[in-house]
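Worksheet: the structure to be examined is printed underneath.
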Amino acid sequence: MIEGLTFEAAPEAVTRPLVSLIVPVLNEQDAVIPFVQAIDGMVQSQWPVLEDRPRLEIIFVDDGSTDATAAVLRGLCAGDKRVKLIQLSRNFGKEAALSAGLKASRGDAVVPMDVDLQDPPELLRPMIDRWQSGVQVVNARRCDRSSDTMFKRSSAQLFYKAINSLADHPIAEGVGDFRLFDRAAVDALNQMTEHSRFNKGLLSWIGFRTETLDYVRP
Ligand code: UDP
Ligand code: MG
């Protein structure tokens, strides 16, 4: 070691993991700011000690919005380094928007979330805790479908019955895109070349150490 030089690793880079939130948005001009505010409030209350708090990257994927969503997001990006924007050239659908976000993400863990707060931000803390104790995929399962219509409930049930009668790897009922993925799982997903994607199926197929947390969808 050369005398007089000190090597100090930036403690933040070593100890605080980066978590990417991927948020596909289509015509959500009124929802994006409340979403970021809800995430901020949750992070501050659930990780009161700054050193314990994960660093965040919030990637919005604008899926061809025709309202002011993109303008609102550009304003957010200008004032908040954590916020990033991917703008798709037209509406490709949520699955494609999610894929674009997964490819761009840099996080040690990645969590796709809907912007309408139906994926409760409060679940991030328990998901991240499970991940930090070694789980690679943390599913969030709705244990209550009372916020859905009767039609949505029975059609969903029929759907899972049908698809699981065909699938080699069963698709968990009630688990949507709201899950935490370790970087290893994200890299595996990013290697898949399917263009027309059914993420729920692909997500169940890739494997990895997986756990499921139950929640009630607001
Ligand atoms: N979304 C999108 N592209 C679409 C449709 C929806 O990016 O073509 C986004 C939408 O803005 C929201 C998320 O995907 O953030 C989920 O959409 P929605 O709330 O309509 O789905 P649901 O709650 O019915 O599953
Ligand atoms: Mg919704």
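The values are calculated or read from the model by the stated rules, or taken from the named source; none is laboratory data. Because the structure is a prediction, the values reported are computed rather than measured. Cβ: placed from backbone, ideal geometry, glycine included. Neighbour counts: every protein chain shown.
When Asp119, Asp114, Asp108 are screened for being in contact with a strand residue (DSSP E or B) (Cβ under 8 Å, 6 or more places away or on another chain), farther than 19 Å from Arg217 by Cα and surrounded by 15 or more Cβ atoms within 10 Å (Cβ to Cβ), only Asp108 passes. Going by what's in this entry, would Gln46 be described as away from ligand 2 (no atom under 16 Å from the Cβ), at negative phi, in contact with a Lys or Arg (Cβ under 9 Å, 6 or more places away or on another chain) and not aromatic (Phe, Trp, Tyr)? Yes. Applying the set (1) modelled with pLDDT of 80 or more; (2) within 16 Å of ligand 2 (Cβ to nearest atom); (3) of a type outside the set (Val, Ile, Thr); (4) not in a helix (DSSP H, G or I) to Asp148 leaves exactly one unmet item: (1). Working only within the stretch 33-58, note down all residues that are farther than 16 Å from Gly79 by Cβ and either part of a strand (DSSP E or B) or charged (D, E, K, R) (or both). Correct list: Glu51, Asp52, Arg53, Arg55. Of everything in the stretch 23-40 that is closer than 18 Å to Leu123 by Cα and free of Cβ contacts under 8 Å to residues at least 24 places away in the same chain, the residue that is farthest from ligand 2 (Cβ to nearest atom) is Asp40. Filtered by the rule that a residue be charged (D, E, K, R), away from ligand 1 (no atom under 16 Å from the Cβ) and within 16 Å of Val43 (Cα to Cα), the stretch 95-145 gives Glu122, Arg125, Asp129.
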